[in-house]
Amino acid sequence: MHPRYPFFLPVKALSRVFRGKFVAGLKRLYRRRKLDCSGPAASLAEPKQFAKLLRSVHRQDWVVYAKPAFGGPSPVLRYLGRYTHRVAISNHRIVAFDGERVTFRYKDYAHGGKHRVMTLTAVEFLRRFFLHVLPKGFVRIRHLGFLANRWRTTRLAICREVLGCATSTSALGAAPTPTPVSWTCPTCGTPMIVVQRFTAAELSSRSAFFHTS
């Protein structure tokens, strides 16, 4: 018998299972006295108040975010690249700044992804920007398995050995020395020499120098 809809787990059932697992974890931490019931949550230090909170939580419908799986390695890399190699807003989206207000472009996903312009005070703009800054000790991506920081060096060496890949003899699991990258002229084929490298900030400050219109 085939299901009516092509999904792995019903979202409503998944939300109830998640709620049950989450609440069970809270109970376990509470019994082990690992929950910090202080400040606004000081009343929860009393078992009756904590039990009351759990009852109210069970009466609420929890929402889980479920979406189709990625379509392969390329979409996964594009998705992760947005978080590992980008910041909350790039310089080209900032339209103007008059010392007090910032005007920038954004994509309005609530209305079909249309490009719009918004103006905020500098303080509000910075507040929203720093919402994307991770707290100390947090990382954007955590590596698991053989890529986990704890044993990555030794396990990568084992993987290379099993796969028959060449490894560096200087250190266990160290990556081999990369071959220097060379560029050739697309017209004459002559090797090109890198004279100077510019960062994104330097290119932005020298934009007038590179302007050719």
Given 10 Å bins starting at zero, what is the percent of C-alpha pairs of the stretch 69-140 in each, up to the one with the largest pair distance?
16, 37, 35, 11, 1
Cβ-Cβ cut-off under 13 Å around V11, Lys and Arg +1, Asp and Glu -1: the net charge is +3
Computed magnitude of the charge dipole of the stretch 1-103 (debye, nearest 20; Cβ of K, R +1, Cβ of D, E -1):
700 debye
For the stretch 42-93, accessible area per residue (1.4 Å probe, heavy atoms of protein chains only), Å²
85 Å²
Excluding ligands, DNA and RNA, the carbon-plus-sulfur percentage of the accessible area of the stretch 1-114 with a 1.4 Å probe reads 59 percent
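The values are calculated or read from the model by the stated rules, or taken from the named source; none is laboratory data. Please read all numbers here as calculations on a predicted model, not as lab measurements. FYI the Cβ positions are ideal-geometry reconstructions off the backbone, even for glycines, and counts take in every protein chain you see. The area values use the complete protein model at the heavy-atom level, side chains included, leaving out ligands, DNA and RNA. Shrake-Rupley method; radii C 1.70, N 1.55, O 1.52, S 1.80 Å.
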